[in-house]
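To start, the structure under review is shown below, and the notes come after it.
The values are calculated or read from the model by the stated rules, or taken from the named source; none is laboratory data. Note that the structure is a prediction, hence the values are computed from the model and not measured. Reconstructed Cβ throughout: ideal geometry from the backbone, glycine too, with neighbour counts over all protein chains shown.
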Amino acid sequence: MRFPLPVRLSRLIARFGRAREGVTAIEFAMIGPIFFALLLAIFETAFTMLTGQLLETATIDASRLILTGQAQTNGMTKDTFKNAVCDVLPPFMDCSGKVYVDVQVLNAYDASVSTPMKDGNLDPSGFKFLAGGPNDIVMVRIYYIWSGLVAATMKNFGLDLSNQADGSTLETATMVFKNEPYQ
């Protein structure tokens with residue numbers, strides 16, 4: 001048995017089906033969150049790549065002080081070398097407690113050196129500052145802990161660029177070179 005809709009209700013449903021006044025708002029409500037999530041993901045990925053490149057540039061510039069013997073002849077310490085790195089980094093990359101320096105003398109270019117991790121996070125307790133002498137092979141590693149701009153929000157959308165247990169991203173720049181025969 002079929003129950004017919006009252007005429008007035010059926011006309012109301014038909015009129016609602018033909019209405020076009022709010023279609024744009026409804027479409028934007030469906031597509032908008034996806035669009036903004038994609039936009040934030042693009043920005044987050046771009047900033048992560050930018051910080052990596054800026055860290056590489058700062059490592060190259062600061063390593064030149066060791067390569068040419070300026071760090072050794074001027075008595076540069078780990079903190080002054082870190083300041084030389086931070087002077088090259090832009091202001092949005094916070095150096096206080098987020099930049100770590102490890103400078104070691106290697107016996108050969110193919111020496112195996114791993115990143116010190118403890119419980120899924122960087123462990124800087126064993127970092128050294130040994131700039132070496134003339135003709136020494138030196139490895140300079142600079143670590144930066146990037147928290148991201150919108151990282152917490154992006155995790156809700158499935159984009160997680162973190163590689164540490166605390167949710168941050170560890171950026172690393174490494175230079176291995178043979179010191180010049182400075183005097």
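Values for this structure:
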quantity	calculated
Subset of region 56-102 [among the small types (Gly, Ala, Ser), surrounded by 13 or more Cβ atoms within 10 Å (Cβ to Cβ) and free of Cβ contacts under 8 Å to residues at least 24 places away in the same chain]	Ala84
Condition check for Ala84: in contact with a helix residue (DSSP H, G or I) (Cβ under 7 Å, 6 or more places away or on another chain), part of a helix (DSSP H, G or I) and under 30 Å from Val140 (Cβ atoms)	yes
Residues located in region 44-81, provided they are of a type in the set (S, T, N, Q) and not in a loop (DSSP other than H, G, I, E, B)	Thr45, Thr48, Thr51, Gln53, Thr57, Thr59, Ser63, Gln70, Gln72, Thr73, Thr80
Odd one out for Met30, checked against (1) more than 18 Å from the chain's Cα centre (by Cα); (2) in contact (Cβ under 8 Å) with a residue 12 or more places away in the chain	(2)
Test: residue in region 25-43 that is over 30 Å from Glu171 (Cα atoms), at pLDDT below 85, in a loop (DSSP other than H, G, I, E, B) and out of contact with any Pro (no Cβ under 7 Å at 6 or more places or on another chain)	no
Any hit, region 56-67, residues being modelled with pLDDT under 85, among the small types (Gly, Ala, Ser) and out of contact with any Cys (no Cβ under 6 Å at 6 or more places or on another chain)	no
Residue among Phe36, Phe47 that alone is under 30 Å from Met93 (Cβ atoms), under 20 Å from the mean Cα position of the chain (by Cα) and surrounded by 11 or more Cβ atoms within 10 Å (Cβ to Cβ)	Phe47
